[in-house]
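Heads up, the thing below is written out as structure tokens.
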Amino acid sequence: MVNVLIIGATGYIGSALSSSLLRSGSHRVFGLARSPEKARSLEKDEVIPILGSLTDTKNLVGALTSQHINVVVDLSGDPKESESLLNVLKNISAEKSKHATAVGIRVPKLGYIYCSGTWVHGSSHKYVNDLYPVGTPDAPTPPADLTAWRAKLEQVVLGSSDLLDVMVVRPALVYGRSCAIWSSLFDTLSNAAQKGEKSVNLSIESDSRPGLIHVDDVASGFHAAIDKLPLISGTGVYPLFDLVTSQESMREILEAAAKEFGFEGKVKLVGAGEDLFAKAMSTSGNLCAGRAKQILGWEPKRYGFVGNMDLFVRAWLAAKQ
């Protein structure tokens, strides 16, 4: 079995990935837990908890060695914590390699998969793929301001390949289950429906067409990345992959959601203004996941946000209770 440690295992994507790995029967899944309550939550789902955090790494360092962790998946979403984790892993890997050389044996590299996101491509209706530059002067568009730091961190991760087997995976805008990232928009629509308002203003650009992906397909994408990481490391394959399954109109998405909430008024998309989150949510992405399908063997199953909005609104409402 492959021993996989997920940073953010109790989160939106982390819980879906844990379930995917456990269902396969070929992985033991560990999760970093900041509290005993989080640890118990992981144990209920058959995930082995490691108490600690990325600011207090004593337990983490010990567990990485004692539990013989093979791959670490970083879903933390925090630049300082990710860099801290990366440095910890590089130090462990360097010591492991040094010891192996001293006793005349070879050992596999520790694997590290970093979760970025397609917002690093910025907003464009023109086609882009995961081989396009991001965050550089020759990039087609600048990244979304909210996550512009990820472009630099991606390069730090890729530059660690001398000590680690590394990969960067970029999901598009995620939906499904609790639809966590959509809550501010869904809350506004739900409240407007309950109050019987005649119109509602949403801070979204009217021509936005985001790239989208269901959370289950994000999980299967990371699952495929974990399985293929040691096979492609060092082969010359550029280890960075976009994950996306559709591109849909934000206007159609929000009007469909409004209908399911029972809102009968007019939905007005009034622009993002200076709100960094609204700007990111308004990012248009004409993206391609062909390399993830071809190289990782990724097979997404869930297609279409608007067409299944009744399911997603009910799931979001249930998750709030």
Of residues in the stretch 212-267 being under 21 Å from Ser178 (Cβ atoms) and small (Gly, Ala, Ser), the one surrounded by the fewest Cβ atoms within 10 Å (Cβ to Cβ)
Gly262
Looking at Ile204, is it touching a residue at least 60 places away in the same chain (Cβ under 8 Å), over 28 Å from Val71 (Cβ atoms), buried (at least 19 other Cβ atoms within 10 Å of the Cβ) and not acidic (Asp, Glu)?
yes
As an exercise: evaluate Gln155 against (1) within 21 Å of the chain's Cα centre (by Cα); (2) modelled with pLDDT of 95 or more; (3) outside any helix (DSSP H, G or I) and give the number of the one condition it does not meet.
(3)
Answer from Ser160, Ser190, Ser178 - the residue that is modelled with pLDDT of 95 or more and farther than 23 Å from Glu81 by Cα:
Ser190
Residues located in the stretch 130-153, provided they are more than 28 Å from Gly273 (Cα to Cα) and acidic (Asp, Glu):
Asp130
Which residue pairs have Cβ atoms under 9 Å apart, sit 6 or more places apart or on different chains, and have a first residue in the stretch 221-238 that is closer than 13 Å to Tyr114 by Cα and modelled with pLDDT of 95 or more and a second that is surrounded by 17 or more Cβ atoms within 10 Å (Cβ to Cβ) and among the charged types (D, E, K, R)?
Leu229/Asp165
Applying the selection to the stretch 46-69, what residues are surrounded by 14 or more Cβ atoms within 10 Å (Cβ to Cβ), at pLDDT 95 or above and not in a strand (DSSP E or B)?
Val47
Quick check: is even one residue across the stretch 268-279 within 25 Å of Asp310 (Cβ to Cβ), in contact with a Lys or Arg (Cβ under 7 Å, 6 or more places away or on another chain) and surrounded by fewer than 17 Cβ atoms within 10 Å (Cβ to Cβ)?
no
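The values are calculated or read from the model by the stated rules, or taken from the named source; none is laboratory data. What you see is a predicted model; the values in this text were computed from it and never measured. In this analysis, Cβ positions are derived from the backbone assuming ideal geometry, glycine residues included, and neighbour counts consider all displayed protein chains.
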